[in-house]
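Chemist: Take this structure first; my questions come after.
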Amino acid sequence: MRPRKMETTGSGDLFRARLDQIIDMNHELVRLADAIDWDWIDGELAGRFSLEGRPATETRFMVGLLLLKHIYRLSDEGVCERWVENPYFQYFTGEEFFRHTFPHERSGLSHWRRRLGDKLDVLLATSNDTFLTSPAQVRFMTMPSRYRYG
């Protein structure tokens, strides 16, 4: 089934820390996350899901993890471990509040990679365009040679 849309409350919580209150909103990953058209990505992937069954994990969460994995050249386990430690990773994947545990099954990355197939290469190439044109100009993120321009 198609993934659910992430809903933000926009309000505080007495017992949880809002990410936008504890991170630097000028950080490269924050600016990159804000530059990516997540709705376009969701629309591009809609055909890969059926209309029935259990809803998939949110598109922004899984695609965000795949992009972070690609950007930092991490393994599936590595990106999941860094996600728990790094509030910027959590913001990039659409979380509103800081979490101390990983919210999904780690095997979800391989399921999504298999489901996306050739669309994953298109998304990674498109994300490279975003890196080059976003105000973030993510200087510390290097892309594999097959996605470099020029």
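Chemist: Is one or more of the residues making up region 20-32 modelled with pLDDT of 85 or more, within 11 Å of G94 (Cβ to Cβ), touching a helix residue (DSSP H, G or I) at 6+ places or on another chain (Cβ under 6 Å) and part of a helix (DSSP H, G or I)? Give the derivation first.
Modeler: Narrowing region 20-32 to residues modelled with pLDDT of 85 or more: 20-32.
Those left that are additionally within 11 Å of G94 (Cβ to Cβ): none.
Scanning region 20-32 turns up no residue that is modelled with pLDDT of 85 or more, within 11 Å of G94 (Cβ to Cβ), touching a helix residue (DSSP H, G or I) at 6+ places or on another chain (Cβ under 6 Å) and part of a helix (DSSP H, G or I).
Chemist: Kindly provide the set of residues from region 35-54 that are in a loop (DSSP other than H, G, I, E, B) and either modelled with pLDDT under 75 or of a type in the set (A, V, I, L, M) (or both), ordered by number.
Modeler: Residues satisfying the conditions are I36, F49, S50, L51, E52, G53, R54.
Chemist: If only one of R31, R48, R82, R60 is crowded, with 19+ Cβ neighbours inside 10 Å, touching a residue at least 12 places away in the same chain (Cβ under 8 Å) and basic (K, R), which one is it?
Modeler: Exactly one residue qualifies, and that residue is R60.
Chemist: With the requirement that a residue be aliphatic (A, V, I, L, M), in contact with a helix residue (DSSP H, G or I) (Cβ under 7 Å, 6 or more places away or on another chain) and part of a helix (DSSP H, G or I), what does region 67-80 give you?
Modeler: Of everything in region 67-80, those that are aliphatic (A, V, I, L, M), in contact with a helix residue (DSSP H, G or I) (Cβ under 7 Å, 6 or more places away or on another chain) and part of a helix (DSSP H, G or I) turn out to be L67, L68, V79.
Chemist: Any residue at all in region 100-110 that's out of contact with any helix residue (DSSP H, G or I) (no Cβ under 8 Å at 6 or more places or on another chain) and part of a helix (DSSP H, G or I)?
Modeler: The answer is no, given that none of the residues of region 100-110 is out of contact with any helix residue (DSSP H, G or I) (no Cβ under 8 Å at 6 or more places or on another chain) and part of a helix (DSSP H, G or I).
Chemist: Turning to a different aspect of this structure: List every residue pair whose Cβ atoms sit under 6 Å apart, with the two residues 6 or more apart in sequence or on different chains, where the first one lies in region 96-114 and is modelled with pLDDT of 85 or more and the second, anywhere, is part of a loop (DSSP other than H, G, I, E, B) and not aromatic (F, W, Y).
Modeler: E96/T8; F98/A17; H104/T57
The values are calculated or read from the model by the stated rules, or taken from the named source; none is laboratory data. Bear in mind the structure is a predicted one, so any value in this text is a computation, not a measurement. We place every Cβ from the backbone using ideal geometry, glycine too, and count neighbours over all the protein chains shown.
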